[in-house]
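Visitor: One structure, pasted below without further comment.
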C-alpha cells in the first residue's frame, strides 16, 4: 500500500467515524470521511473503499475535487445548463426558483459533503411548507445537479438517488359544466377578467401563457392565437379561436389603452404591466359566488382541466387535444380528461345504429316494467 495511505478510526463525541487518508494523482493529500460506525461502517468496509480509491488514483489519474459549496456549483449548473440545453424561459424561471430553495438549505455546505440523510432532512422540513409535487420537483433538480457533478468527478455519489419522494394526495378536480361556464361568464363585473376567463376555458392555455400573450400573437382576421412563450417546444403552438372568442378579444382590444403589437393582451389596466394572478383570482371567485358556485378553489389549473375535458366531450380528436394543450404525448393529455360524468348521447345513438340498424326490432325489452301482451 502506498506510503501515507491509511484507514483511520476516529472516536468522537457523536460516536466512531471511519475515514480514509491517501494521496491523489498529483500528490495532494486527501482526507475523506466515509461514515459512522452506527451506520454500518467498519474496518473491513473502509479498507475496501481505500483500495478502490487507490486503483482510481493509479489507473484513472484521480485528483481530489477542489472544495466548492453547493450554492456555487448549483448556480454554475443552472447557467451552463441554460446555455447547453437551451431551456425555454419558463423552464429557466422554474429552475431558478428551485435552485434558490435548495441553496437556502444546502448552500453553505461543501458539494461533496451532502449526504442522503441531509436530503431526507430537507424533505421532512419542506413537507410543512410545500406540497408533494413541489418537493418532488426539487428532488428531481437536486438529482440532476449531482448527476452532472458525478460526471465531472466532483463527487463520488448522488445523495438524491434514493431519496424518498412524498406521495401526493389524489387531487379532486372541479370541472365546470357547460351551463356553469355560461353563468360564470355573465357574472363577471371586471371586463378584462371576463375575457381572460373565456380565453382560458376556450383555448386551454396555461397561466403563464395567458400572461405572456401580446397582441401580435392574436390574429383576429384569421382567428388564430399563437403561443410563443411556453415551457416546452411542444407548447409553442397555434390555436384556432372560436368566432365568439375572437369577437370578445376584438372588443377587449378596442377598450384597451395598450394596443401595440408588443403590448400585453392582458395586463395592468393603468400601466400595461404584467397581469397579476391574484387580480384574476379575486374577480373569478367573485363571479363564482355570484353564479352560485361555492366549491371551486384553483382558478388557473382547474380551468385548463375544464377546457380540455369539455373539448374532448365535444368530440375533439386525441391528436387535436394533445396539440391544442401543448403536450408531448397523449398520456399527459389523458391526465387532464375527467369524463366520468359526461353523457355521450351521440356515441350511444351511433352504437345503436351500428348494432340494431336504428330500430329496436330484435325483440329486446324496452324496460323493466314492460308487461307481456295477453
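Every number in this text was worked out from the coordinates using simple rules, so none of it is lab data. This one's a predicted model, so the numbers in the text were calculated from it and none came from an experiment. Every residue, glycine among them, receives a Cβ derived from its backbone with ideal geometry; neighbour counts consider all protein chains shown.
Visitor: So what is the calculated 222 nm ellipticity per residue for the chain, using -39500 (n - 2.57) for each DSSP H run with n of 4 or more, over all residues, to the nearest 500 deg cm²/dmol?
Guide: The helix-only estimate for the chain comes to -15000 deg cm²/dmol at 222 nm.
Visitor: Also, I was wondering about something else. Counting other beta carbons within 10 Å of each residue's own, what order do 100, 217 fall into, fewest first?
Guide: 100, 217
Visitor: Sort segment 70-151 into rounded, prolate or oblate with this rule: let a ≥ b ≥ c be the square roots of the eigenvalues of the Cα gyration tensor; rounded if a/c is under 1.5, and if a/c is not under 1.5, prolate when a/b is larger than b/c, oblate otherwise.
Guide: oblate
Visitor: Which whole-angstrom value gives the distance between the alpha carbon centres of segment 212-280 and segment 1-73?
Guide: If we compute the Cα centre of each part, the gap is 59 Å.
Visitor: Looking at the square roots a ≥ b ≥ c of the eigenvalues of the Cα gyration tensor of segment 111-157, which shape do they give, rounded for a/c under 1.5, prolate if a/b is larger than b/c, or oblate?
Guide: Taking the square roots of the gyration eigenvalues as a ≥ b ≥ c, segment 111-157 is oblate.
Visitor: Over segment 70-151, what is the relative contact order in percent, taking alpha-carbon pairs closer than 8 angstrom and at least six residues apart?
Guide: That works out to 40 percent.
Visitor: How many percent of all Cα-Cα pairs in segment 178-334 sit more than 25 Å apart?
Guide: Result for the distance tail: 27 percent.
Visitor: Taking Cα pairs under 8 Å and at least six residues apart, what relative contact order does the chain come out at, in percent?
Guide: 11
Visitor: Give me log10 I(q)/I(0) at q = 0.07, 0.09, 0.11, 0.15 Å⁻¹ for the chain, Debye formula, one equal scatterer per alpha-carbon, no solvent.
Guide: -0.53, -0.74, -0.92, -1.33
Visitor: Going by how many other beta carbons lie within 10 Å of each one, how would you line up 220, 176, fewest first?
Guide: Going from least to most buried by this count: 220, 176.
Visitor: Expressed as cubic angstrom per residue, what is the convex hull volume of the alpha carbon set of segment 6-60?
Guide: In segment 6-60, the Cα hull volume divided by residue count equals 65 Å³.
Visitor: If you build the convex hull over the alpha carbons only and average its shadow over all orientations, what do you get for segment 116-230? Give it in nm² to one decimal.
Guide: 11.9
Visitor: With the contact rule set at Cα under 8 Å and sequence spacing of 6 or more, what percent relative contact order holds for segment 182-272?
Guide: Relative contact order here is 29 percent.
Visitor: How long are the semi-axes of the ellipsoid equivalent to segment 1-144, from square roots of 5 times the Cα gyration tensor eigenvalues, in whole Å, largest first?
Guide: 34, 21, 11
Visitor: Let me ask something else about it. How tilted is helix 191-203 with respect to the longest principal axis of the chain? Cα atoms for both, answer in degrees (0 to 90, nearest 10).
Guide: Its long axis makes an angle of about 80 degrees.
Visitor: Report, to the nearest 10°, how far helix 345-356 tilts away from the longest principal axis of the Cα atoms in the chain, using its own Cα long axis and a range of 0 to 90°.
Guide: Relative to the chain, helix 345-356 is tipped by roughly 80 degrees.
Visitor: To the nearest 10 degrees, how steep is helix 116-126 against the longest Cα principal axis of the chain, on a 0 to 90 scale?
Guide: 40
Visitor: Fewest Cβ neighbours within 10 Å first, please rank 8, 239 accordingly.
Guide: With the sparsest Cβ surroundings first, the list reads 8, 239.
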